[in-house]
1. Can you give me the accessible area per residue for segment 453-583, using a 1.4 Å probe, in Å²?
2. Place a label point 7 angstrom from the Cα of Asp356 along the Cα-to-Cβ direction, then list the residues of segment 44-79 whose backbone nitrogen is under 15 Å away.
3. Using +1 at the C-beta of Lys and Arg and -1 at the C-beta of Asp and Glu, which of Asn367, Ala480, Leu181 has the Cα lying farthest in the positive direction of the dipole of the chain?
4. Angle check, please: helix 321-335 long axis (alpha carbons) against the longest principal axis of the chain (alpha carbons), in degrees 0 to 90, nearest 10.
5. Could you check how much of the accessible area of the chain is carbon and sulfur, as a whole percent, using a 1.4 Å probe?
6. Quick one: angle between helix 170-186 and the longest Cα principal axis of the chain, in degrees between 0 and 90, rounded to 10, please.
7. P(r) for the chain: what percent of alpha-carbon pairs falls in each 20 Å bin, starting at zero?
8. What is the angle, in °, between the Cα long axis of helix 189-200 and the longest principal axis of the Cα atoms in the chain? Nearest 10 is fine, range 0 to 90.
Amino acid sequence: MQRPIHLTSATNLPGKSVLLRILTLLILVAYLLSGHIVAAQQPAPDLKTERQQFQAQELIPNRFGGWIFQTGSTPHIIWRDVDEVRRLGREVVLRVRWFDASLNEATEPNAAGRWMAYVEGTAPNGTPFRRSMTFFALPQKIENGFVPDLSVVFPNFPGRNSPPAWAEHQAEFDRTSRELLTRGLIDSEKGASLIAGIAESKPLGRPKRFAESTSVANDACHLALKLKVLSLADKVRPLQPARARTIPAVVLHEGTPEEAGVAADAKAKIDEFCRAWVAGTDEPFVTLIARRGVIITHEAFGRDDHGDLIDRDYRCWVASITKTVTALMFSQFVDQQLIDLDAPISTIFPDYVGFDPHVPTFRQCLNHTSGLSGHAENGGMRNPHLENVVLNGIDVNEPGKAHVYSGLGFELVAKAMEIVSGKCAVRVYDEHLFQPLGFGDVVLGNASSDGEFTARELAVLGQLMANSGSYGEREFISPAIFEKLLPPPQPAAGIDGNQGLGMHWIIHRKPGTALDSLRPEDLLFGPRTVGHGSFSGCILVVDLDQQLVIAQARREFKPEDADWYAKFFQNIAETIVKVDPEH
């Protein structure tokens, strides 16, 4: 049986698969070098391919360890592959400007601390080329002081089911990891950003939240620099807090089955099914189901890799459900008339030419008709100049012609929110969505496929959707703006009729019905059921008419889960009492 709602893809894999991917890559490289694989001759790339190849080019310091250096030994910034840049059509001459943490410009770093290199040039397509990078300058004389312990242990690697020979190399894995960590700190921009952020950080008496991390502080520094260099700082228009409601909207709460409009044994039936599911696949998860705001069940099932029972705060990578989060966040800017949904992105990004047919609108960025492809390549929203990377290939873009599933449009939307609000994207989400909704420490790596949420947090977002943009005492967006996120009744040419903005219609049919039937009597839930798929198997499904929210947080989808998903939704549908006129 096909997987009913989880067919969308993302570039990331669950966190516990990262090391396996690295090992697989290393093995493949070794195999290639051994001469076993001979690359076939490739045809000459077309212009679009060449633009993408230029967009992928990297700038690096000219020497090992150049990201963290002593004042007086400023590194030069060079192309990692200058021959490829030349081949792609232009000798890109770079101009480098240096700025300290206070945005003071200097000919070169002249004091210890954070430094940002702002790099300018002209791309092969004739558009401005802009990038910025973080460095850290050490003082000439380093006093004796705290020396961090860089010991690294991977207790879960190579894993409990690894071959005996792998497990016997555990100590070697740990030693190699320590060496790689040290080298990575010294010779990476992330290492420089980490050291700079810690040097600037003030103690809070508690662990720092993700929005307070050094990487997010780095995002904020580069945004401030961009606003200054492009003369945008005086054009910032702050996003206002969500509006207060006179009558509070429905929130998730405890209640009786009768209040929820479900059978008296609904919770017992759903929980029993979930226990069988986790026993059948050995993948833990947390399920939360609510109707009319009443929580029918909110339970954790299964054990983690350590053998410990998970709890209801189990935080999971939700993959492409992140797109729904971004659409809800962006809609606040539309609601407050800070960004026009149908305006081209050139209205926000100053280097873009207005009304250029190659430039997509914000709506096209969110409904997968932007002409762009990929997900979080080139760093996603965490890249200080992602919109410029896109600009450097915009001349071959064709928006509005076809529906091509992509996350890049969502990343651009996040960059627009930064420029308009003057606040880095992670902090925009945190201050205007996550904290007002009472969320915990949400990790947000990008705007399209890299958010980490609990089942309750997903369910709260679902209830906000069921409420058409409100939750409790706050109205985040008006019902009219929420309707704009839903798939349009009459989609334009080239648009998938089931696709809205960051969400799409979810269709679950009753067993034995025609595979293409849309008759209400053949559907498990109402025709206005919306949500988004997830590569990791997480669930966010909202039946808007029945006020039903279904959320599940898990870290991996396995092939054997497909049948369980179908039966899971059937199980839920069977517990629902028909909606009476009062509701």
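1. Values: 5300 Å² over 131 residues.
That works out to 40 Å² per residue.
2. What the label zone holds, given the 15 Å backbone N cut-off, is 48, 51-52, 55.
3. Final value for the positive-end residue is Leu181.
4. 90
5. Of the solvent-accessible surface of the chain, carbon and sulfur hold 54 percent.
6. The answer is roughly 60 degrees.
7. Calculated over all Cα pairs of the chain, the distribution is 18, 50, 29, 3 percent.
8. The helix 189-200 is inclined about 90 degrees to the chain.
The values are calculated or read from the model by the stated rules, or taken from the named source; none is laboratory data. Here the structure is a predicted model, which means the values were calculated and not measured. Backbone-built Cβ (ideal geometry, glycine too); neighbour counts: all protein chains shown. Calculation scope for accessible area: heavy atoms of the full protein, side chains included, ligands and nucleic acids excluded. Shrake-Rupley method; radii C 1.70, N 1.55, O 1.52, S 1.80 Å.
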